Ligand code: NAD
Ligand code: UDX
């Protein structure tokens with residue numbers, strides 16, 4: 001049993017606190033947001049994450065998990081303090097470190113015994129050294145401490161399982177003893193532990209996210225080419241994925257990546273490179289391809305319904321991915337805004353993200369179900385691949401719509417089945433429609449062979 005403090009109770013901090021307490025540690029989670037802490041004390045979660053409420057409740061009841069807004073209380077007996085505050089994009093795409101700086105300063109001003117400060121937030125290379133400087137500057141008296149980088153790799157929607165079963169734990173520090181101590185508290189997770197220096201650990205996080213984003217933009221580029229040449233990107237991905245050097249994951253073509261990490265982290269990495277005089281060509285291409293997916297979705301809707309002026313377009317899903325209420329950088333935002341700018345009326349349904357979406361998309365009419373979205377719509381767009389959309393009664397949906405136009409932005413339906421139900425159906429990167437209809441270029445080739 002170790003005494004741990006976690007600073008920040010967002011997606012990462014709250015999951016980290018709940019999971020470490022479930023592993024038998026005594027954890028105090030702190031946030032400066034008083035409302036969040038007050039609600040957590042009443043058992044109300046600030047975010048939607050499957051399994052989190054039960055996990056928090058179990059550990060609060062076992063008196064292993066505590067919530068506070070007081071740094072004194074959080075640090076009183078702590079041996080380890082995790083910083084898990086936000087690092088959003090700044091004005092030029094750089095990571096905004098103001099919350100990390102504030103947390104480091106509060107730790108420095110409060111600590112009265114030796115501490116290991118562990119940075120879990122995704123921070124630019126060099127931030128660990130800078131945090132150490134801040135702590136040194138604001139300590140009222142010299143108390144020893146170490147800084148360790150321990151980047152987090154969990155995904156929203158499967159955060160608890162990802163935390164409890166990581167592929168690896170990465171630890172970076174100039175203080176090997178401190179890194180070993182942090183390794184000890186991760187041993188129950190039974191994952192390989194990579195111990196390296198601070199800057200390398202920080203870089204591993206950015207490189208990992210940038211690589212995954214690259215994989216997504218790569219398959220989206222292939223999807224475009226598939227569409228033009230009459231191949232099916234879903235089957236291409238399956239065929240590629242069996243190659244162990246490629247792997248089957250992160251090859252789902254669609255509307256591209258959103259969320260609180262990939263967009264800001266690829267941008268921040270490009271910014272870090274540019275600041276040092278490097279030209280990160282690949283990262284720029286990754287971002288450009290991703291931005292085009294959203295524009296392309298609107299073009300495809302136009303292809304289905306013609307002029308968008310006065311048309312009613314329904315969005316199925318708003319969150320940036322299923323099983324989360326997170327709207328940060330969700331493709332739905334750009335798609336809805338572009339449709340509205342072109343004169344369309346936009347309505348939407350999402351199982352959990354509508355409350356968060358309402359303030360971001362005030363012109364979008366929120367509906368209580370997918371069927372309510374379909375009623376009288378000129379086109380539907382699958383934006384987020386929630387399971388409940390995969391099992392919709394599509395015949396009922398078609399019957400409710402003004403015109404049966406369907407854009408499957410996440411390739412969740414079987415084109416042949418959907419078309420046989422009478423939909424004008426467009427998917428992304430599925431050039432051959434399964435009904436013997438090839439794109440124009442392929443028809444020309446067939447004709448020239450005759
Ligand atoms: P979040 O915005 O959900 O939560 C951050 C929390 O920190 C908020 O509750 C905020 O009130 C609190 N906070 C801000 N300043 C504070 C301070 N000085 N003292 C105490 N609390 C403070 O953020 P998040 O999504 O959990 O991300 C946190 C970090 O983890 C970011 O660097 C992010 O890039 C990284 N990360 C996020 C994910 C993810 O899936 N969300 C995954 C891996 C890594
Ligand atoms: C990501 C990283 O996966 C995680 O390791 C890191 O800690 C935080 O950022 P997250 O953003 O929660 O996690 O979700 P993820 O499942 O990675 O999806 C990110 C975005 O990529 C979503 O918008 C998703 O729809 C999109 N995506 C993912 C695709 O478009 N295709 C895919 O094949 C996979």
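The values are calculated or read from the model by the stated rules, or taken from the named source; none is laboratory data. Predicted model, so just to flag it, every value in this text is computed and none were measured. Here the Cβ positions follow ideal geometry from the backbone for every residue, glycine too, while neighbour counts run over all protein chains shown.
Do you know which residues across region 141-170 are in contact with a helix residue (DSSP H, G or I) (Cβ under 7 Å, 6 or more places away or on another chain) and more than 16 Å from ligand 2 (Cβ to nearest atom)? Residues satisfying the conditions are 145, 146, 147, 148.
If residue 351 satisfies every condition in (1) within 16 Å of ligand 2 (Cβ to nearest atom); (2) farther than 20 Å from residue 427 by Cα; (3) assigned to a strand (DSSP E or B) but one, which is the exception? Tallying (1) within 16 Å of ligand 2 (Cβ to nearest atom); (2) farther than 20 Å from residue 427 by Cα; (3) assigned to a strand (DSSP E or B), residue 351 fails exactly one: (3). Selection within region 248-266: residues that are in contact with a helix residue (DSSP H, G or I) (Cβ under 6 Å, 6 or more places away or on another chain) and more than 23 Å from residue 151 (Cα to Cα). The member of this set that is farthest from ligand 2 (Cβ to nearest atom) is 248.
For residue 115, indicate whether it is within 16 Å of ligand 2 (Cβ to nearest atom) and over 30 Å from residue 270 (Cα atoms).
Details: within 16 Å of ligand 2 (Cβ to nearest atom): no; over 30 Å from residue 270 (Cα atoms): yes.
Spelling it out, it is not the case that residue 115 is within 16 Å of ligand 2 (Cβ to nearest atom) and over 30 Å from residue 270 (Cα atoms).
Please pick out the residue among 393, 378, 326 that is within 24 Å of residue 416 (Cβ to Cβ) and in contact (Cβ under 8 Å) with a residue 60 or more places away in the chain.
Values: 393 fails: in contact (Cβ under 8 Å) with a residue 60 or more places away in the chain; 326 fails: within 24 Å of residue 416 (Cβ to Cβ).
Exactly one residue qualifies, and that residue is 378.
Exactly one residue among 125, 100 is surrounded by 15 or more Cβ atoms within 10 Å (Cβ to Cβ), away from ligand 2 (no atom under 16 Å from the Cβ) and under 18 Å from residue 179 (Cβ atoms), and that residue is 125. Screening residue 48 on (1) in contact (Cβ under 8 Å) with a residue 40 or more places away in the chain; (2) surrounded by fewer than 19 Cβ atoms within 10 Å (Cβ to Cβ); (3) farther than 26 Å from residue 171 by Cβ shows it passes everything except condition (2). Filter region 235-269 for residues that are within 16 Å of ligand 1 (Cβ to nearest atom) and out of contact with any strand residue (DSSP E or B) (no Cβ under 9 Å at 6 or more places or on another chain) and give the result. Within region 235-269, 250, 257, 258, 259, 260, 261, 262, 266, 269 qualify.
All told, residue 245 meets the bar of being surrounded by fewer than 17 Cβ atoms within 10 Å (Cβ to Cβ) and in the same structural domain as residue 332 (by TED's automatic domain parsing). Selection within region 334-347: residues that are touching a residue at least 24 places away in the same chain (Cβ under 8 Å) and either surrounded by fewer than 18 Cβ atoms within 10 Å (Cβ to Cβ) or over 19 Å from residue 296 (Cβ atoms) (or both). The member of this set that is nearest to the chain's Cα centre (by Cα) is 337. Given the condition surrounded by fewer than 19 Cβ atoms within 10 Å (Cβ to Cβ), more than 9 Å from ligand 1 (Cβ to nearest atom) and without any contact (Cβ under 8 Å) to a residue 12 or more places away in the chain, answer yes or no: does some residue in region 20-32 qualify? Checked region 20-32: no residue is surrounded by fewer than 19 Cβ atoms within 10 Å (Cβ to Cβ), more than 9 Å from ligand 1 (Cβ to nearest atom) and without any contact (Cβ under 8 Å) to a residue 12 or more places away in the chain.
Of the helices (runs of 4 or more DSSP H) that lie entirely inside region 135-238, those containing 1 or more residues that are in the same structural domain as residue 250 (by TED's automatic domain parsing) and closer than 30 Å to residue 352 by Cβ span 198-229. Residue count for region 82-99 satisfying the condition of being within 11 Å of ligand 1 (Cβ to nearest atom) and either touching a helix residue (DSSP H, G or I) at 6+ places or on another chain (Cβ under 7 Å) or not assigned by TED's automatic domain parsing to the domain that holds residue 42 (or both): 10.
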